[in-house]
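Novice: Quick one: the structure is below, and I'll ask about it shortly.
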Amino acid sequence: MPVALLPGRYTGTRGNVVMPIVRLDEATVRRIAAGEVVERPASVVKELVENALDAAARTIRVEIVAGGRESIRVQDDGTGIPADELSLAVERHATSKLHRFEDLARLASYGFRGEALAAISAVSECEIVSRVPDAPYGARLLVRFGRPGRVEPIGAAPGTVVTVRDLFANVPARRRFLRQDATESALIQRTLAALALAHPEVRFELTNDGRTVLATSGSGDLLDALIGVYGAETATQMLRLEEYRVGEVVVQGAVGLPRVSRPNRQALFVLVNRRWVESRTLVAAIEQAYHTLSTVGRYPVGVIAVSLPGDRVDVNVHPTKREVRFADERAVAAAVYEAVRRTLLTHLPEQPPPPVTFSPLSPSVVQRRLQVADPTRDLGGSRSGTPEQLVDSPSSARSGDSTSWLPVLRVLGQVRQAYIIAEGPDGMYLIDQHAAHERILLDRLLAQLEARGVEQQALLEPLVLELSPVQLATVERYRDALVQLGWELEPFGGAAVAVRAVPAIVQRNIEQVLVAVLDDLAAGGRGATPLERVAISTACHSAIRAGQELSLPEMRELIRQLEQCRVPNACAHGRPTVVHLSTEELERQFSRR
């Protein structure tokens, strides 16, 4: 008899009644199983394209509408599916990839065609049209949310075309949790980019809402695939990894120069036996190879392809085969690190750190008489009084009064051409020149935007740039915000745009600034609105960089402008602009207290 449970305890019950164990109906089982393989539209694209690759396709075309939510169409010229096997292909546990359990250890294909099609067709309206090369005509099968129709003859070219419509229409909870169309499209594009880099001998094409956003030639040359994925500008700044072999592990691929970096890891792909995988260990090894060569907070660009015997790696850890397990993970990571590090050091020998430079105007001056150090400073009405009265306490730094946030400072020099050293009445100040200038430029942009519009600088000659598919899509997505912030970009045919005007704060390196801004925006950017994201990114990449030598007047002017900012103590990314070491702290460090 049922066992009474305490009120409020519902584990395995409905109310106070124990629910019996029942066998789930086939439709529910299919939906649950589909959830393990089909997480989002990008999962559908991955499974269908991998099926096409297993079918020896040489050309694969993918068309998506509304981020794949409305429709996904994958066309290939592979071997096709015989008409008498088409119905079997959409059944669970039906596959041509293996015939017994032992075959899993030697699995060389991407996955089980039947398993993918069964999962996809359970949560969508899925149409399959296929023809084997020696058949006089093709066959068509329509499966509506797990219910297959009849196989019908149809005229078709050799290969397979799978069209998926209304994804997750019968699983509304899953459909509600899909992200915006642009985000889902970007995930699909990244998925196809990884497969294109793994198979440079196959021609890939991705069309998003009627616009081609990715295309590779299928020439078999990795450089051509890199151009199709990253664009010519980035691809030509990538270094080819010569084959590096350690025992049974072989590492190949290409990595970007340290200056070609991104604000996130979205442009870094790891392939294991030509399969795109997620491996924190291997990604960490790649990033460690860039240690001391790249800027903190920036991530490398590249594709690392690892090859090793099938029995030394388990690809069946995850239902989507997204994760893998190595027999000796440490050895694989060491090989990846060594291959990348050697390539970088061969082209970029490490340089000694830049010397510490100081101003010639550094006589010993009593701290309380710092006004004499910079007679050109206009203290203004709010800064009247004795030097002692001009000293700000920590509490005043948080009061919101930007005119009194910093005391009068005497600039001493630079450290590593990145930090300005200054002396104040209450100790030493270190100013991050990039973070400080970024804050100044952002406040200037926002103030102009609120007042009369952002100041713009027209170019005498338009600057024509070739962008990657992702960057081109980003221009379209953020066009209004870019225009409001002073960027004037026009299509120039193909993947090129003509830059006719830029924000006035962009003084040099227009091409580098624009590309960096677009990459930031493609990665999501920082800010609550598109306008804010464009403003933050433009200010960041227009600011002076670490490694840039400044004169004394330039350093003084930078500090003077920082004092006028509304939020001078942090840049737009939240990093501090100033670090203060009090006199007491200095004396403590030197054991004077």
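Novice: With a cut-off of at most 12 other beta carbons within 10 Å, and DSSP calling the residue loop, which trypsin sites (Lys or Arg not before Pro) in the range 210-284 qualify? Please list them.
Specialist: R259
Novice: Right, here's the next one. Pull out the extension gain between A284 and R259, defined as 0.36 nm times the separation in residues minus the alpha carbon to alpha carbon distance; nm, one decimal.
Specialist: Length gained, A284 through R259: 7.1 nm.
Novice: Can I ask one more? Which trypsin sites (Lys or Arg not before Pro) in the range 417-469 pass both tests, a DSSP loop state and at most 10 other beta-carbon atoms within 10 Å?
Specialist: Answer by residue number: R452.
Novice: Work out the charge dipole of the range 509-593 with +1 on the Cβ of Lys and Arg and -1 on the Cβ of Asp and Glu about the Cα centre, then indicate which of S582, Q548, C565 is farthest towards its positive end.
Specialist: S582
Novice: Moving to a separate point now. Tell me, in nm to one decimal, what length is gained between D314 and R147 on full extension, where the rule is 0.36 nm per residue of separation less the Cα-Cα distance?
Specialist: 56.8 nm
Novice: Then there is this: Relative contact order for the range 484-593: what is it in percent, counting Cα pairs under 8 Å that are at least 6 residues apart?
Specialist: Contact order relative to length: 15 percent.
Novice: If DNA, RNA and ligands are ignored and the probe is 1.4 Å, what is the ranking of T183, T191 by accessible area, most exposed first?
Specialist: In descending accessible area the options line up as T183, T191.
Novice: Provide the per residue accessible area, probe 1.4 Å, for the range 457-593, rounded to a whole number of square angstrom.
Specialist: Dividing the accessible area of the range 457-593 by its residue count gives 50 Å².
Novice: With every protein chain kept in the model, how would you rank Y478, Y299, Y419 by accessible area, 1.4 Å probe, largest at the top?
Specialist: Final ranking, largest accessible area leading: Y419, Y299, Y478.
Novice: Using packing as a proxy for protection, rank 117-130, 481-494 so that the peptide with the highest average count of other Cβ atoms within 10 Å comes first.
Specialist: Descending packing order for the listed peptides: 117-130, 481-494.
Novice: A further question follows. Which value, in Å² and to the nearest 10, is the accessible area of Y337 when all protein chains are kept and the probe is 1.4 Å?
Specialist: For Y337, the solvent-accessible surface is approximately 70 Å².
Novice: Taking R0 as 30 Å, what FRET efficiency do you get between H573 and T236 from their Cβ-Cβ distance, rounded to the nearest 0.05?
Specialist: Once the sixth-power term is evaluated, E becomes 0.55.
Novice: OK, next. How many nm is it between the label spots at R526 and A173, if each spot is 7 Å from the Cα in line with the beta carbon?
Specialist: 3.7 nm
Novice: Taking 25 Å as R0, compute the FRET efficiency from the Cβ-Cβ separation of R325 and V250 and round it to 0.05.
Specialist: 0.85
Novice: At 1.4 Å probe radius, can you tell me the per residue accessible area of the range 165-245 in Å²?
Specialist: So the range 165-245 comes to 45 Å² accessible per residue, rounded to a whole number.
Novice: If DNA, RNA and ligands are ignored and the probe is 1.4 Å, what is the ranking of S307, S219 by accessible area, most exposed first?
Specialist: Largest accessible area first, the residues go S219, S307.
Novice: Cut-off 11 Å, label point 7 angstrom out along Cα-to-Cβ of R274: give me the residues of the range 191-219 whose amide nitrogen falls inside.
Specialist: Residues 198-202 qualify, since their backbone N sits under 11 Å from the label point.
Novice: State the percent of C-alpha pairs, over all pairs in the range 518-593, separated by a distance greater than 15 angstrom.
Specialist: Tail of P(r) above 15 Å: 70 percent of Cα pairs.
Novice: Okay, moving on. Work out, step by step, the length gained on full extension between L460 and E476: first 0.36 nm times the residue separation, then minus their alpha carbon distance; give nm to one decimal.
Specialist: The span from L460 to E476 would gain 3.3 nm if fully extended.
Novice: Okay, moving on. Can you give me the distance in nm between label points at S591 and A334, each placed 7 Å from the Cα along the Cα-to-Cβ direction?
Specialist: In this crude label model, S591 to A334 measures out at 4.2 nm.
Novice: Further question on the same structure: At a Förster radius of 60 Å, what calculated FRET efficiency corresponds to the Cβ-Cβ distance of A56 and R416, to the nearest 0.05?
Specialist: That gives a FRET efficiency of 0.65.
Novice: Right, here's the next one. What does the range 173-256 give for Rg and for Dmax, in Å, if only its C-alpha atoms count?
Specialist: 15.6, 48
Novice: What is the distance, in nm, between label points placed 7 Å from the Cα along the Cα-to-Cβ direction at L345 and at A182?
Specialist: 4.3 nm
The values are calculated or read from the model by the stated rules, or taken from the named source; none is laboratory data. Source: prediction; values computed, not measured. Cβ sites come from the backbone with ideal geometry, for glycine too, and all protein chains shown count toward neighbours. We work out accessible area using only protein heavy atoms, side chains counted, and drop any ligands, DNA or RNA first. Shrake-Rupley method; radii C 1.70, N 1.55, O 1.52, S 1.80 Å.
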